[in-house]
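Each remark here refers to the structure printed beneath this line.
Just so it is clear, none of the values below were taken in a lab; they were calculated from the coordinates. Predicted, not measured: the structure shown is a model, and the values here were computed from it. Virtual Cβ from ideal backbone geometry, glycine too; neighbours counted across all protein chains shown.
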Amino acid sequence: METSFPFTEARLRALPLSAAGQRTTYRDTKQPGLQLRVSAGGAKTFCVYRRVRNGAPERVTIGRWPDITVDDARRQAAGLVAKLAAAESPAAARRAVRAEMTFGELYDAYLKGRITAGKKRPDLIRGLWELYLGPLPDAPRKAHASKREKPADGVDWSGKRVSEITVSMLAQLHRRICAAGKERTANKVIALVRAIYGYGLDHRIVIDNPAVGITFAPEKERERFVQGGELPRFLAALEQEEQPWRDYFTVLLYVGYRRAAVAAMRWQDLDVEAGIWRVPGERAKNGDPIILPVAGPALSALLKRSAEKESPVWVFPGGGRTGHITSPRKAWARLLARAEIQDLWVHDLRRTLGSWLAMSGVSLPAIGRALGHKDPRSTEVYARLQTEAVAAVVGIAHDAMATAAANTGKLPTPRGQK
């Protein structure tokens, strides 16, 4: 049987088993050095077999087919061939292959670079990595937090060489997470891998980015907010909540800003007399400082806290290393159970303010200003509710027109016209 041919998925699938105790080697005519070795048990393994300068040929295993596709094997083989060709000796070639950075090491370098540059949200990146791409520590990330479990669709690829992470592996991971109903999380995982390899490209650690070839799954925009029928129960349950969570959720509901920024609110950024909160750039999503109005129940709560300051720095002090409160998960669960409300996220409080503004007929630019949106597209989710509010007003005009027509037999003539 021919042992040299252009590898295809169909050709590799049709290859026969080797004789007992033997192994058959096939060579790809498209990628120099790429081979496939087939055992008597049916295992089909990609490898690179290439002569090294001043020495004998070296064989480097890539991985099993079909876990690694033909295209992925060729891409890895090209990188390995380049390393072997540049080596001055067989020992140097082996060192070059062994010295290739692992995926975990590249992630560590990427995260360290972000922290050094002062970029935000390292904890969110670390959490996503630990759940879906790397090892999950036995101890919780935060003191007194419950132990986390790795999702069934998560992996630990931290020990793999960076050249071993392929498009097909990422596509399979993305599909598995999407199949669990977590399309947004799946997209975030791929975006993280794309960012990690982008860092590697910038620093000439890798030669390509396998995550670029993954198409993101469509995400349905969440529209959940506290409905009119739920508001009485929610507010009654909120009144029974212990401090500081009662005031914290009150500010979230009536100011409508992001929960992490509200948790880290400082007295120096707050002017309770003027009803103004100056959100510093490091707490704003886009990095630019913004000014938000504080009024109503939120202002009342903050005025009371200002009169009874528990901390000279933090509006909502906490016992953790940050000095302020962090995770509201337990308090939020208590609040929802007390109010008998389901499927409501803390972030939905931000959407609640925007939704009620839209239903009150407030313009989209004004809603965006109230919520601190820099990008007008972030406010478009409220366009439907605003249209419904306007339609209700138009309905009032329609009723008036119908009444006038029924009483006079004709529509009324606008003022100034004959």
Subject >> Inter-site label distance for residue 5 and residue 338 at 7 Å from Cα along Cβ, in nm >> reply: 7.2 nm
Subject >> Note, ³J(HN,Hα) from phi for the range 193-198, Karplus 6.51, -1.76, 1.60, rounded to Hz, x at Gly and Pro >> reply: 4, 4, 5, 4, 6, x
Subject >> Under Karplus coefficients 6.51, -1.76 and 1.60, residue-wise ³J(HN,Hα) of the range 17-34 in Hz, glycine/proline x >> reply: 6, 7, 5, 4, x, 10, 9, 9, 10, 10, 10, 7, 7, 8, 10, x, x, 7
Subject >> Rel. contact order, % - alpha carbon contacts under 8 angstrom, at least six apart, the range 103-213 >> reply: 27 percent
Original post:
Once you sort the root eigenvalues of the Cα gyration tensor of the range 103-213 as a ≥ b ≥ c, which label holds: rounded (a/c under 1.5), prolate (a/b larger than b/c) or oblate (the other case)?
Top reply: oblate
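What FRET efficiency would be calculated for the residue pair residue 172, residue 309, taking the C-beta separation as r and a Förster radius of 35 Å, to the nearest 0.05?
Values: r = 54 Å, r/R0 = 1.53.
The calculated FRET efficiency here is 0.05.
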**OP:** Obtain the nm distance between the two label points defined at residue 403 and residue 117 by a simple spin-label model: each point lies 7 Å from its Cα along the Cα-to-C-beta direction.
**Re:** 6.2 nm
Original post:
Which pairs break 20 Å Cα to Cα here: 83/160; 188/220; 182/220; 30/160?
Top reply: 30/160
Original post:
With a ≥ b ≥ c the root eigenvalues of the C-alpha gyration tensor of the range 191-271, is it rounded (a/c under 1.5), prolate (a/b larger than b/c) or oblate?
Top reply: oblate
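Using DSSP to call loops (not H, G, I, E or B), can you name the trypsin sites (Lys or Arg not before Pro) in the range 221-251 whose Cβ has at most 15 other Cβ atoms within 10 angstrom?
Numbers: sites: 222, 224, 233, 246; in loops: 222, 224.
Passing both the DSSP loop test and the Cβ count: 222, 224.
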Original post:
Does the range 237-333 classify as rounded, prolate or oblate by the C-alpha gyration tensor (a ≥ b ≥ c root eigenvalues; a/c under 1.5 gives rounded; else a/b over b/c gives prolate, otherwise oblate)?
Top reply: rounded
Original post:
Can you work out the FRET efficiency for the pair residue 235 and residue 300, with r the C-beta to C-beta distance and R0 = 22 Å, to the nearest 0.05?
Top reply: 0.95
